[in-house]
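K.L.:
Before anything else, here's the structure in question.
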Amino acid sequence: MASTPDLDKKLKPIYDVMEVGNYREGIQLCNKALKKQPDLHIAKALKALALERSGKMNEALLLCEELQWAKPTDESTLRTLSMVYRSAGKYEPMIKLYANASKANPMNENLATQWFMSLARMLDFKGQQMVALQLNKNFKKTNYMFWAIMSITLQGQNVPANQPNVMYRLAEGMMSKLNAEGKVQTIEELQLYLIVLLGQKDRYADALALLEGDIGKKTKAIENVELRHLRIELLIKTGRWQDARDATKQILQNVNSDDWRTIIQYFDTIFLPVQDADLKDSDNLAEARAFTTEQVQNETKNPKRGPFLAQIELEKRVQEKIGDNKAKMLDLLVAYVDKFGSKTCCFEDLSGYIANLCSEDASEFCQRLRENHGEKSGTVKEICIQINIVRFERFTGQHSKFSSTQSMALVNKFWKLYEDALPFGKDLEQTERQYGDDYSIMAAHLLIDIHKDTKSYFPLLSAVFILEHALDASKHNYQMKLVLIRVYELLGAFTCATGLYSTMGIKHVQHDTLSHFITDRASSFGLFDEALRQLYSAHEIYHSNEAETPEMILQAYKYSTFSKMQEFIEFQSRLENSLQKMIADREMIRLEFLKEDSVSRAVSWLQELEITNLKYDDQFAESRIDNRDTTVMLNWNPKDSPSVEALTRPASQLNRIWMTLFTLVPRILKHMAHLHPIDAEYEKLMAALEKLTTSDLSGALTEEEAKLAKILFHAAKAFQRLSVAIADHNSNSASKEEPAKTAAAVKEQLVAAGALLKRESVKSTGVLPWHTFHELTMTVETVAYLNVVNHCLQNLIATKAAKKATFKATGSVIQDFMAQCRQALQSVQTDITALRNVVRPDRIRSGLLYEICDGSAVDFIRSPSHQALIEEKTLKIGTSWMNSLINLQQESISRIV
Amino acid sequence: MSSLRQFKATDLFNFNAINLDSLTETYNISFYLSYLARWPDLFSVQCTPSETLMAYVMGKAEGTGLDWHGHVTAITVAPEYRRLGLAEGMMTLLEKVSEEPYDGYFVDLFVRRSNKVAIEMYKRFGYSIYRTVIEYYSGDTTEDAFDMRKPLKRDVDRQSVRENGETFRVEPHEVVF
Ligand SMILES: CC(C)(COP(=O)(O)OP(=O)(O)OC[C@H]1O[C@@H](n2cnc3c(N)ncnc32)[C@H](O)[C@@H]1OP(=O)(O)O)[C@@H](O)C(=O)NCCC(=O)NCCS
């Protein structure tokens, strides 16, 4: 159905109303057109699009399916269909549609290209190869050959390196033919050629020949930052030491003296050709010392750090290989601080080297810094140097030796230094950080140390006050916010944490890397809706990945940017297989389940739960990719101690064991909800759960989570026993069990579960830390699951047993267990009632607040000018606690069956 | 000491130290990847020896005829790595690439009128104001942009720049290439 003026006239009004978003009228107009001409494909496709845009995805997809049968071949219909399918995240159908259309019109280049693109969206490399070759045959454009070669290369990329790679060899053959014909002309085409060569074993020399040969020259490959780097890498790999050294020196002398990866390549040309034993008197070492010295001398105005660090790197390697170089190392390190100590990154520049020093040298280093710089804080520069010295002191373990009292004295000292630095920053922009900010962060780190030592929560409260106060003067300091978020979580104050998190502008791909700060065990605060909100908003990135990244892969084909293809595909896969995504998926299922507060609704929710994607097998678990950013948080702790990020996690980091547990729970419950007979699948789930409960879970799960696993295991065993017994009785099987025996077996399991459900009541010490909420929430959650189990056990007897009376004894066992579940919820309520009393604002004022201030060793807290802030923040924490308690109370009341 | 290299798609997982800063906006996937798919050599990053990202610049090549040029879309340096010459290194590279392979006449960029630090920096790098774009930045508060330019080798007669550019005022739609 080619476009004709007639058709265009007919469609124009439809396009017009669609363009302005009037989809309702669009649908009406399409209907009218279809009435006159039922096989007008484009009208049907436009109707589907209008339906999709007005939120009626299912109807839209039904229409698309109808159209699919009609095998449309005109481009506008196909384009419209493709829009609908894309927004539904369905890429598969378009392949068939375009294949069909293209076969019907083999000389239509656009259709064939679209066919290729539809395959590229699905990463169907083999299909791509075929279509690209066809495109090349029919339309004679070299570009299509490169598409084919790229597609072949992508098929070859997963072949293990030690195996012959047929695909790469094929790709290479095609490439070298094109090259011989002079058809490899651009940098990107050259890059593709290099990918093909370097994907094979020992092809360095060939790759180098290419880079240095005609195409390399023609494309000025050496001007390209990446290819320049690659060439040197290849020179090193092929042992052309002098050439490699000349090339690195040329860059360092004339282009970029600071370029670290080139500096490292330079050292490769120095050290790799010489045996360690011969190094000492070698020309190479002499030359390297001369060269690095010369480079340092060239840095006069606005010196770059690279050359100075190169000297340190050189002497470090000498120390490692020859030894006897410690004094020189120390001199250089101290000199570096003298020169760059006022730069924030000075600490990071040197920390790797300092970590390598023995403890005597490390203390000597710090001591010499103190000798050179004393405690001077009279200028901004001096303040920055002082902060770096303090970072080094912490990093070399000086703080680790301190008693709590000594640490506290240091907190007070840092606070004073922070305040003294403030006047220097009075003219800073709102968006900038105060010069002394890191003093306040380090004070918080010390307070976290004290909390870990003493288990008291008062140091954490002090950290909150100090950081919140400092944040006032540095509104956008995200480092303070990150520490605060974690400390609030430790303190059980979830809404305080989410409030801060929402000010950080965390978006898009950051949802994958950073949302763990707010979503890890977020369900434990009893604020289910808030936790779900956070999870759903972070989850958007995974939809974006599905919708956007394939289009970007197509862009890379469109612009022949072959060097980015594997990268884009890796990017897509890292999001698709993200560990955080999977954790969030599980957490969302938990919370969605918990939203159903009546047992019958919970049961039908489980029945409807889609579990095809709820995998837990080893292969699935191990192929999750951890993109979580745990290094962005500042950390000056000694290298062998846990980082601040690790220390401030409310519980162990969520991992694959956690994910297995929270995959098994809904799957087992779903099986029960359907009252399905015991089958191999159920036994597999039970075996996995048993394996989990019998392995060492400390460090992977919290005590409460491990308990949940055990309780559910017993309950599910009870279900299994009863289900099998009923089936045997129904079929009058020879192996059927005495009813009393069944009752006893079910009882044994439920008693075991009930025993685990008991817990001691929560004691309030004024602060309600994360763990308090975790314990209470886990009890409510566990009972929510057990309610389903009990319901299913009763239903088994009521609906599956041929003679109900046979299982009367079991019935009363279940009744007893239900009473235990009720008791568990009642004990939660008793605890909550007591806790709610403690966190009432008036009680906080007379209780917690008094305790915080009374005789505090923290100067900040004793200062009268901070009283208002302390009160405000404490009450805010109290409000968050109260919200959690109220919510949790409702959750537990509604679950009493 | 930093490695100046091309930005990789997977660097997006590691750019938090830069993008958590309030002055740096985080965009959707397509924004970054569409630049990478088209101008991979104009999108560079500076990183530490341990591959922590410190700074990046993204750019494109656009325009026709005498307007063919390199454009700086965004440049940003994480707070702890400022005043180390990282921006300078990245701008130098972007200018070099705009000359070879793109062979542009000039490099240009838009900067908020209030961003004194950046304006002074660009001036030091050889940029001058070509025109004022009225209310180019919208949002909570609207703000003018300066369109700043630096001629490249190809612009032998320095036709792409002019004196007193600040007084040439244009509407945002007039600066689309
Ligand atoms: C503007 C910005 C990119 C500069 O990055 P940078 O790596 O610190 O800059 P450089 O170290 O290369 O500085 C080069 C020169 O610019 C000038 N300069 C840069 N920052 C300056 C500042 N805060 N104050 C005064 N001059 C400054 C100096 O002349 C400097 O040379 P010098 O250090 O030898 O005196 C950085 O501050 C930043 O990311 N700001 C936030 C984002 C932004 O504003 N981007 C620009 C949008 S168009």
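The values are calculated or read from the model by the stated rules, or taken from the named source; none is laboratory data. Predicted model, so just to flag it, every value in this text is computed and none were measured. Using ideal geometry, Cβ is built from the backbone for each residue, glycine included, and neighbour counts are taken over all protein chains shown. Keep in mind that these areas ignore ligands, DNA and RNA; they rest on the heavy atoms of the full protein, side chains included. Shrake-Rupley method; radii C 1.70, N 1.55, O 1.52, S 1.80 Å.
K.L.:
Mind giving me the FRET efficiency for residue A:275 and residue A:798? R0 is 60 Å, r the Cβ-Cβ distance, nearest 0.05 is fine.
P.N.:
Approximately 0.15, to the nearest 0.05.
K.L.:
Can you give the mean number of other chain Cβ atoms that lie within 10 Å of the Cβ atoms in peptide B:77-83?
P.N.:
5
K.L.:
Something else about it: Please name whichever of A:680, A:58, A:392 sits farthest to the positive end of the charge dipole of chain A, dipole taken about the Cα centre and charges placed at Cβ: Lys and Arg +1, Asp and Glu -1.
P.N.:
Sorting the options by dipole projection puts first A:58.
K.L.:
Here is a further query. Considering only A:591, A:799, A:662, whose Cα is most displaced toward the positive end of the charge dipole of the protein assembly as shown, charges sitting on Cβ of Lys, Arg (+1) and Asp, Glu (-1)?
P.N.:
Among A:591, A:799, A:662, the one farthest towards the positive end of the dipole of the protein assembly as shown is A:799.
K.L.:
Can you tell me the accessible area per residue over chain A, all protein chains present, probe 1.4 angstrom, in square angstrom?
P.N.:
43 Å²
K.L.:
Moving on. Give, in nm to one decimal, the length gained when the segment between residue A:765 and residue A:368 is fully stretched (0.36 nm per residue of separation minus the Cα-Cα distance).
P.N.:
138.4 nm
K.L.:
Return the sequence-ordered ³J(HN,Hα) values of segment A:888-895 in whole Hz as given by the Karplus equation 6.51 cos²θ - 1.76 cosθ + 1.60 applied to θ = phi - 60°, using x for Gly and Pro.
P.N.:
5, 5, 4, 4, 7, 4, 5, 9
K.L.:
Using alpha carbons only, how many angstrom separate the centre of segment A:488-518 from the centre of segment A:89-161?
P.N.:
43 Å
K.L.:
Once a ≥ b ≥ c are taken as the square roots of the eigenvalues of the Cα gyration tensor of segment A:411-511, is the result rounded (a/c under 1.5), prolate (a/b larger than b/c) or oblate (a/b not larger than b/c)?
P.N.:
Oblate is the answer for segment A:411-511, as a/c is 1.5 or above yet b/c matches or exceeds a/b.
K.L.:
What residues from segment A:589-624 fall in the zone where the backbone N is under 20 Å from a label point 7 Å along the Cα-to-C-beta line of residue A:577?
P.N.:
Taking a point 7 Å out along Cα→Cβ of residue A:577, the residues of segment A:589-624 whose backbone N falls under 20 Å are A:612-624.
K.L.:
Here is a follow-up. Find the centroid of the Cα atoms in segment A:417-434 and in segment B:102-142, then give the distance between the two in whole Å.
P.N.:
28 Å
K.L.:
Another question about this same structure. Can you tell me what share of the DSSP beta bridges in chain B is antiparallel? A percent to the nearest 5 is fine.
P.N.:
85 percent
K.L.:
Follow-up. So how exposed is residue A:197, as accessible area in Å² (1.4 Å probe, rounded to 10)?
P.N.:
Number for this one is 10 Å².
K.L.:
Buried accessible area for the A:B pair, summed, 1.4 Å probe, in Å² rounded to 100?
P.N.:
Numbers: alone 40510 and 9930 Å², together 45820 Å².
Chains A and B together bury approximately 4600 Å².
K.L.:
Defining a contact as two alpha carbons under 8 Å apart and six or more residues distant in sequence, what relative contact order in percent does chain A show?
P.N.:
8 percent
K.L.:
Report the Cα centroid-to-centroid distance between segment A:608-665 and segment A:1-66 in angstrom, as an integer.
P.N.:
So the two Cα centres are separated by 47 Å.
K.L.:
In whole percent, what relative contact order does segment A:455-610 give with Cα contacts below 8 Å and a gap of six or more residues?
P.N.:
18 percent
K.L.:
Take every DSSP beta bridge with both residues inside the protein assembly as shown and express the antiparallel ones as a percent of the total, to the nearest 5.
P.N.:
Of the beta bridges lying entirely in the protein assembly as shown, close to 75 percent run antiparallel.
K.L.:
Below 8 Å between Cα atoms, with a sequence gap of 6+, how large is the relative contact order for segment A:310-383 in percent?
P.N.:
Relative CO of segment A:310-383 lands at 28 percent.
K.L.:
Which residues among segment A:831-865 fall inside the zone where the amide N is under 11 Å from a point 7 Å beyond the Cα of residue A:422, along Cα→Cβ?
P.N.:
Of the residues in segment A:831-865, A:865 have backbone N under 11 Å from the label point off residue A:422.
K.L.:
Taking only protein heavy atoms into account and a 1.4 Å probe, give the accessible area per residue of chain B in Å².
P.N.:
Ligands and nucleic acids excluded, the result is 43 Å² per residue.
K.L.:
Right, another one. What distance in nm lies between label points placed 7 Å from Cα along the C-beta direction at residue A:287 and residue A:403?
P.N.:
It is 6.0 nm.
K.L.:
Quick one: Karplus J couplings for segment B:128-143, per residue in order, coefficients 6.51, -1.76, 1.60, θ = phi - 60°, nearest Hz, x for Gly and Pro?
P.N.:
Per-residue couplings from phi come out as 9, 6, 9, 6, 9, 9, 5, 6, 5, 8, 9, x, 3, 10, 7, 8 Hz.
K.L.:
Straight-line reach from residue A:141: which lysines fall under 26 Å, measuring Cα to Cα and dropping same-chain residues less than 8 apart?
P.N.:
Partners within reach: A:96, A:103, A:126, A:177, A:183, A:217, A:218, A:220, A:558, A:564.
K.L.:
Kindly identify residues of segment A:335-355 having a loss of at least 30 Å² in accessible area between the isolated chain and the assembly of all protein chains, probe radius 1.4 Å.
P.N.:
Listed by number, the residues meeting the 30 Å² cut-off are A:343, A:344, A:345, A:348.
K.L.:
Using a 1.4 Å probe over the heavy atoms of the protein chains, calculate the carbon and sulfur portion of the accessible area of segment A:470-603 as a whole percent.
P.N.:
Reported share for carbon and sulfur atoms: 49 percent.
K.L.:
Could I ask something else about it? Counting only the heavy atoms of the protein chains, how much of residue A:405 is accessible to a 1.4 Å probe, in Å² to the nearest 10?
P.N.:
110 Å²
K.L.:
As an exercise, use a Förster radius of 56 Å and the Cβ-Cβ distance of residue A:703 and residue A:180 to find the FRET efficiency, rounded to the nearest 0.05.
P.N.:
On the way: r = 69 Å, r/R0 = 1.24.
That gives a FRET efficiency of 0.20.
K.L.:
List the residues of segment A:536-574 for which accessible area in the full set of protein chains is at least 40 Å² lower than for the chain on its own; 1.4 Å probe, protein heavy atoms only.
P.N.:
A:548, A:552, A:559, A:564, A:567, A:568, A:571, A:574
K.L.:
While we're on this one: Given the Cα-Cα distance of residue A:123 and residue A:222 and 0.36 nm per residue of separation, how much length would full extension add, in nm?
P.N.:
Once the chain is fully extended between residue A:123 and residue A:222, it gains 32.4 nm.
K.L.:
Do any of A:684/A:800; A:32/A:90; A:249/B:8; A:249/A:507 go past 31 Å between their Cα atoms, and which?
P.N.:
Listed pairs above 31 Å: A:249/A:507.
K.L.:
If you don't mind, another one. Would you calculate a helix-derived [θ] at 222 nm for chain A, using -39,500 (n - 2.57) for each DSSP H run of n ≥ 4 and dividing by the full residue count, to the nearest 500?
P.N.:
Only helices count here, giving -23000 deg cm²/dmol.
K.L.:
Rounding to the nearest 20 debye, state how big the charge dipole of segment A:139-198 is about its Cα centre with +1 on each Lys and Arg Cβ and -1 on each Asp and Glu Cβ.
P.N.:
Roughly 180 debye, rounded to the nearest 20.
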